[in-house]
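Following: one structure in C-alpha cells, then a few remarks.
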C-alpha cells in the first residue's frame, strides 16, 4: 500500500471514529458536529474566493452560515432570521463605507456561500431529528458514498464521454450513470433493512445519485476559479472539509424533503 493511500485510509478511519458516534447520539452531538463542519467549509470557501481575486473575509460569512444552519435545525427560533439579515446588511454596509476593488463581489460570494453551506448543512442535522431520523440520515449518507465510488470505478473502466470537461475533466457520462445506478442500489438496500421501505430507498438513491454530483461539480468550479486543487488541507489525503461534504449538502436537502413526502 502506497504512503498516500495509507494516509487516506488512516484519515478516513479517524473521521469515521468521530462521525459515527455523533450520528448514533444525535441531538446536540450530531448538530454540533455539522455546525462545525459548516463553519470550516465556509472558511474554506472564503479562502477560495480570495484565491479567485475577490476581497472577502471569513468572519461574517461564518457567523451567517451558523445562523442559517440554526434556522433550519431549530426553525422555531424566528429571531435567528433578523440576525442573519443584520449580518448580511452589515457586510454590504462595510463595502459601501470602505469601497475597494472586488469588495462587492467578495461580499456577494461570502453571503451566498454562507447561506448555501449553512442552510444545506442544517438539513443534514434536521434529518437526524425526524421520526426514524437515523435511518433518513443513513439514506442520505450511504447512497452518496456509494454513488461516488460507483461513478469513480465505472468512469475509470468505461468512461469515454466527458460530463463537464471545463469544470471537472475526469468525470464522464458513463461514470455519472454508474453513480446513479450505484446510488439507487445503495438506497434500496438501506430501505430494505430499515423501516423506510425499498420504494423510498430506491427513490432517494436515484435522486441522490443523479443530483448529488451537482454539489461536487459546484465545489470543483469554485476550486477551478481559485486555481486550487483542494478546498483546504485539514484532512490529510482528502483535502478540506468542503471537499468531503460537497455532495452531502445536496443529499441532505433531497432526502429531507422526500421524507416529508413519505410522511404525508
If residue 157 satisfies every condition in (1) in a helix (DSSP H, G or I); (2) free of Cβ contacts under 8 Å to residues at least 60 places away in the same chain; (3) in contact with a helix residue (DSSP H, G or I) (Cβ under 8 Å, 6 or more places away or on another chain) but one, which is the exception?
(3)
Residue in segment 95-113 that is farthest from residue 50 (Cα to Cα), counting only those that are in contact with a helix residue (DSSP H, G or I) (Cβ under 8 Å, 6 or more places away or on another chain) and without any contact (Cβ under 8 Å) to a residue 40 or more places away in the chain
95
Selection from segment 204-218 of residues that are out of contact with any strand residue (DSSP E or B) (no Cβ under 7 Å at 6 or more places or on another chain) and farther than 15 Å from residue 253 by Cβ
205, 206
Need pairs with beta-carbon distance below 6 Å; first residue free of Cβ contacts under 8 Å to residues at least 60 places away in the same chain and within segment 14-43, second surrounded by fewer than 16 Cβ atoms within 10 Å (Cβ to Cβ) and part of a helix (DSSP H, G or I); sequence gap 6+ or separate chains.
22/29
For residue 237, indicate whether it is in contact with a strand residue (DSSP E or B) (Cβ under 9 Å, 6 or more places away or on another chain), in a loop (DSSP other than H, G, I, E, B), surrounded by fewer than 23 Cβ atoms within 10 Å (Cβ to Cβ) and touching a residue at least 24 places away in the same chain (Cβ under 8 Å).
no
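Bear in mind that the values in this text are calculations on the coordinates, not laboratory data. Quick caveat: nothing in here was measured; it's all calculated off a predicted structure. A quick note on method: Cβ atoms are made from the backbone with ideal geometry, for glycine too, and the neighbour counts reach across all protein chains shown.
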